[in-house]
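Take a look at the structure below.
The values are calculated or read from the model by the stated rules, or taken from the named source; none is laboratory data. Only a predicted model underlies this, so the values are computations on that prediction, with no experimental measurement involved. Glycine gets a Cβ as well: all are built from the backbone with ideal geometry, and neighbour counts include every protein chain shown. Side chains included, ligands, DNA and RNA excluded: accessible areas come from the protein's heavy atoms. Shrake-Rupley method; radii C 1.70, N 1.55, O 1.52, S 1.80 Å.
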Amino acid sequence: MMIEQNKYNKMMEKVKMTPEMRERIIDNVRIQTVMMQQHKKKKSKFILKYQKYMYAAATFLVLLAGIITAQYTVNRNPSENPILSSNNGSNTGSFGLNEYDSLAELKTAIPFTFKSVTSVPFELKDTTYSSFSNTLVQIDYIGATNQLNLRTSPNKEELIGDYNTYSQIDEIEINDITTTIKGNDGSYTTITWKQDGLYYSLQFDQGISKQQILQTFRSMQ
């Protein structure tokens, strides 16, 4: 046991993490947790289906942040540490979840120009619009038989949330954009890509055909 502890201590001595890196870990934990709570309140099918995986990922990130930063927090003033001080009132707005009544209102509030879906392969019942810290945009297209979740951000790591395994992963080039579609048994639920400096993710609650998921991608405007 003592040998293992010494190995652990030596390993941790080599870990280098800047305040910016620590803050990014905490940001991602909060993004996933708050977004999950938001959609749980709305009884979103997508979130309810995958919430156990999101809790597991968020827990892992919290533990990782704690392990890596523990050695830096001893005998330090909490106000000097971004993790310990991130819950104070002055920073509340920077981690805030915002909801909007329309796409136009969302686009006005966000500091970058993004595209959104204009056609879905199911009967649309409702659409909700939200953002997190003005760096992550989320739009939910809710139908009676399926649901589509759109996320976009300048930061790729903020699009985490899909912890499924897929038997089919295909890269398809469309108008000089490389898309990645994922699914199982000829049914696809996810398509991701990068365009104009932004990362995009479309996730369906229920699988659809390759043609339908690519048509949804092509409807982005």
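Odds and ends about this structure:
- With a cut-off of 19 Å on the backbone N, the residues of the stretch 147-164 near the modelled label site 7 Å out from Asn184 along Cα-Cβ are 147-149, 161-164.
- For the stretch 84-213, the Cβ-based charge dipole about the Cα centre amounts to some 140 debye (Lys, Arg positive; Asp, Glu negative; other atoms uncharged).
- Zone residues, the stretch 204-221, relative to Gln168, backbone N less than 16 Å from point 7 Å out along Cα-to-Cβ: 204-217
- Sorting the segments 136-145, 121-130, 102-111 by their residues' average number of neighbouring beta-carbon atoms within 10 angstrom, most packed first, yields 136-145, 121-130, 102-111.
- Normalised by the number of residues in the stretch 99-221, the mean separation of alpha-carbon contacts (under 8 Å, six or more apart) gives a relative contact order of 22 percent.
- Maximal additional length on extending the Thr145-Gln215 stretch stands at 23.4 nm, based on 0.36 nm per residue less the C-alpha distance.
- Share of carbon and sulfur in the accessible heavy-atom surface of the stretch 120-176 [1.4 Å probe, %]: 45
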